[in-house]
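Down below is the structure, laid out as structure tokens.
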Amino acid sequence: MASRFAHSALLLCLLAGGCVSPVDIPTDREVTPPPGSVRLVLLDTQELESETCDERGDTLLWKRYMLQLEDAILDTGQGGERLRLLLRVFSAEPRPPRPLWLDTLEIAIDGLRSGTQVENAALRSLRLVFWEQEEQAILRRVWSWRRGQPFPSNVRSQLALVRRPIGSLSRWLLTIRFSFVSEKRFLRLRLAVLLSP
């Protein structure tokens, strides 16, 4: 009788141990990564060029630029991945003999969501320095904008951030398209960089 009682007690104990609440053993679906941030670095520049056109219709494609990346932070959490960074594009060589050309472009991004494509919502600030030839003079122009100010109609920007898994590693492709129109002239910049933790 005692052995039968002990066997029953052991069986009840095993059954009780097998009925563990899913709250006690969380699954992958139930576990949410804590909010945090990851610092990103520049892994590769896949595209960096500008195109200018003057009133005569002459175009110039210019690829001699350098890129400086600062404060690239990927914020993670329940709201998804959001990128904030500051980057600068510099002309690496003396200015070409054209009526309009890019010298420096500084872009600050704040809150660009991964997997989305936006125009101005994720921009924090822009600063553009370019050269423009007027008759016999060559003028240095500086244009700047900050969030909260009206965005000018002669400027267009488009941003996209896409996660690019490579094996077990994660990479993020940041694409920027920027254009500035000055009377009959225009300036376009195309930029695509691969970021890595």
Original post:
Are there GluC sites (Glu not before Pro) in the range 75-146 that DSSP puts in a loop and that have at most 11 other Cβ atoms within 10 Å, and which ones?
Top reply: Glu135
Original post:
Cα centroids of the range 96-173 and the range 47-80: how far apart, whole angstrom?
Top reply: 6
Subject >> Label-reachable residues, the range 148-192, where backbone N falls under 11 Å from a point 7 Å from Leu67's Cα toward its Cβ >> reply: 173-176, 190-192
Subject >> Dipole of the range 34-196, positive end: most advanced residue of Leu102, Ser168, Thr45 [Cβ charges, Cα centre] >> reply: Ser168
Subject >> Backbone N within the range 139-160 under 13 Å of label point (7 Å from Gln46 Cα along the Cβ vector) >> reply: 160
**OP:** Determine the sum of side-chain charges near Phe178: Lys and Arg each +1, Asp and Glu each -1, restricted to other residues whose C-beta is under 9 angstrom from that of Phe178.
**Re:** +4
Original post:
Using the beta-carbon distance between Leu194 and Ser37 and R0 = 22 Å, what value does 1/(1 + (r/R0)^6) give for FRET efficiency, to the nearest 0.05?
Top reply: 0.70
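Bear in mind that the values in this text are calculations on the coordinates, not laboratory data. These numbers come from a predicted model, not from an experiment. Here the Cβ is made from the backbone with ideal geometry for all residues, glycine too, and neighbour counts use every protein chain on show.
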